[in-house]
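Accompanying notes for the structure given below.
The values are calculated or read from the model by the stated rules, or taken from the named source; none is laboratory data. Computed from a prediction, not measured in an experiment: that's the story for all the values here. Positions of Cβ are backbone-derived with ideal geometry, glycine not excepted, and every protein chain shown enters the neighbour counts.
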Amino acid sequence: MFKTARFKIHNPSRHKRAMLTYALTHYHYTLKRLIEDALAAPDLLNRISTPDRRGKVRVSQQALSRLLYTLAPKGWPLAPLRDYLIGDAAAMLLSHFKKQEKGKHLSNPPTLSGLEPMTESAAQQAYAEFATTVEFPLKPQQIEKIENMRDSRKTRVAERVEKVYQNWAASRAAGEILRKMDSGVPRPIEFTRPEFERGYLLARKGDNFYLLVRLFAKGHRYCGQKVMEDGFVNWRTGELIAGRKFPGLILPVELGRDYHDHEYLQNGKPQSAKLLMKRGGDGQEEFYAHITFEFTPEPMKTETILGIDRGAAKIGAASVIDMTGKLIASQLDLEGAAFAVEMARLGKRIADAQRKGHQRGRVFRLRGRKADSIIGEYANRLVSEAVKCRSQIALEKVDSISMARFLTQSQFRKLHDALAYKAERVGLPPPIEVPAAYTSQTCSKCGNKAPENRPKHDSEGKAIQDVFRCTSCGFEANADDNASEVIALRALHQQMNGGRFQKFDQFQEWLKKERVGTA
């Protein structure tokens, strides 16, 4: 499995800034020119297409790469990046041609924008055209959708949809003007292989980490041989590289010691990397390296099952049982009241913005980030418990009808995906899903299933939602904790039957037999 870490280049000198800016800008324009030259090549499709096994003519990646090798510049100042340049161009062009082959959606030829900001006169002209435009052009598929609605006599719906699409088109046009007013940032340079001789390398010296990148051809004014100082180690292989000559840049990188060490450096191996430029809030260029790490943990044999229930009074509740169904741990909960209040507050801000016609994108993003942060923290806690207990993780299967109270369906899917990803990183098997039916109404102690097990009011008539009280055996518990144990038991029963979904009646019969000795 793979995960990408972001490292900021630490305080580069003015000379290093100039070298990085030159390399990224020159790479950007050369890639732009290479793509345009390829698209302008005579008889292009015939030169890069070959018949497949069924005789259908398709674009060949090998033929496309051969063509790009003939078009790529010779004696290029960034000669060590030539293979990466060709691979980048091939990927963009191949994606375009594959979309054309499928024919489902229109595909505009790939290109890269210029990096120069729009002139003041051009900006004024663009603003004037924008202000005088009554209707902005819609996409063909949008027009087709509107016409289909009108043909189906859904006139009012078609009018509303057309207004929505017109607003989108206006927003796109305005955004395009704003983007052109600022100078763009160049396309990242992607290094597909960690190599000392060319490409990039993540190295360590003492407690500090460095990015080694070879960008310039021999003889270029920015190319200079440097002898690696004592203590430098190739982090991927552990090889000592001190004393070797390196004709590239040695860039110290910033990292969160605990976070990067724990998440990436201790157990991951660097694979590919991207060198990129961003602009900070003050307009100053900042440089980053995005490095992809590969993780190959040892598989862990599971001995218990950790069941997770979407909460009623909690965001989530979890319980651990052993392979005999005995409860080992419970109340692994994430309290939901404060989270619900925060989501309601942000929801009110979004509603107010919609009512006033203001932009609400930032609040949408803020609400999403808040929910994602909570989900990530809970997933980390659950996986840590699963490692400690050597647990197989089990969740309810979520569908379009079964929705969470605190987490939306998409957010609960994010929890599932986060658990799957984090479990794989530590060697645990992927989470399994069990049917959600009746998990909240079933007693984990006797198997009795009844809606009355979930009383809606207490003895004083006050509304309650987090109480489970079995009408058969009298067992009382938090409703979410009980449901999480039932989910774990359903997963155990499912595993005992080859991993296939089991009907609730069969599960209930097994549970009663296990818990109270009745068939």
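Here are a few things to note about the model shown:
- Every condition in (1) buried (at least 18 other Cβ atoms within 10 Å of the Cβ); (2) modelled with pLDDT of 90 or more; (3) closer than 19 Å to Leu332 by Cα holds for Ala418 except the one numbered (2).
- Selected residue (only one of Leu67, Leu85 is hydrophobic (A, V, I, L, M, F, W, C) and within 33 Å of the chain's Cα centre (by Cα)): Leu85
- Qualifying residue in the stretch 40-53 (condition: more than 30 Å from Leu211 (Cβ to Cβ), part of a loop (DSSP other than H, G, I, E, B), modelled with pLDDT under 95 and basic (Lys, Arg)): yes
- Taken over the stretch 268-295, the criterion of being touching a residue at least 40 places away in the same chain (Cβ under 8 Å) and part of a loop (DSSP other than H, G, I, E, B) is satisfied by Gly268, Phe295.
- Within the stretch 488-503, residues that are without any contact (Cβ under 8 Å) to a residue 60 or more places away in the chain sit with their Cβ atoms under 7 Å from residues that are part of a loop (DSSP other than H, G, I, E, B) and among the polar types (S, T, N, Q), at 6+ positions apart or across chains, in these pairs: His493/Gln502.
- Test result for Phe287, in contact with a Leu (Cβ under 8 Å, 6 or more places away or on another chain), farther than 30 Å from Ala483 by Cα, modelled with pLDDT of 95 or more and surrounded by 15 or more Cβ atoms within 10 Å (Cβ to Cβ): yes
- The stretch 106-145, residues that are hydrophobic (A, V, I, L, M, F, W, C) and in contact with a Leu (Cβ under 8 Å, 6 or more places away or on another chain): Leu112
- Tabulated pairs, the stretch 432-455, first in the same structural domain as Ser472 (by TED's automatic domain parsing) and on the phi < 0 side of the Ramachandran plot, second buried (at least 21 other Cβ atoms within 10 Å of the Cβ) and of a type in the set (Asp, Glu), C-beta under 6 angstrom, 6+ apart or interchain: Ala436/Glu396; Ser444/Glu485
- Residue among Gln506, Gln502 that alone is more than 29 Å from Ile464 (Cβ to Cβ) and either out of contact with any helix residue (DSSP H, G or I) (no Cβ under 7 Å at 6 or more places or on another chain) or not assigned by TED's automatic domain parsing to the domain that holds Ile328 (or both): Gln506
- Per-region count, the stretch 234-258, residues closer than 30 Å to Lys74 by Cβ and either assigned to a strand (DSSP E or B) or assigned by TED's automatic domain parsing to the domain that holds Asp83 (or both): 5
- Considering only residues in the stretch 24-51 that are among the aliphatic types (A, V, I, L, M) and in contact with a strand residue (DSSP E or B) (Cβ under 7 Å, 6 or more places away or on another chain), the one that is nearest to Lys274 (Cα to Cα) turns out to be Leu24.
- Test: residue in the stretch 64-86 that is aromatic (Phe, Trp, Tyr) and exposed (fewer than 14 other Cβ atoms within 10 Å of the Cβ): yes
- Residue match in the stretch 143-153 (condition: over 30 Å from His28 (Cβ atoms) and polar (S, T, N, Q)): yes
- One residue from Lys98, Lys74, Lys104 being outside any strand (DSSP E or B) and modelled with pLDDT of 90 or more: Lys74
- Residue within the stretch 271-278 that is buried (at least 17 other Cβ atoms within 10 Å of the Cβ) and not assigned by TED's automatic domain parsing to the domain that holds Glu195 present: no
- Residue in the stretch 217-233 that is touching a residue at least 60 places away in the same chain (Cβ under 8 Å) and assigned to a strand (DSSP E or B) present: no
Each row is one residue, and each column tells you yes or no for (1) within 30 Å of Gly114 (Cβ to Cβ); (2) of a type in the set (D, E, K, R).
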position	(1), (2)
Pro186	yes, no
Ile189	yes, no
Pro194	no, no
Arg198	yes, yes
Ala203	no, no
Leu212	no, no
Phe216	yes, no
Gly219	yes, no
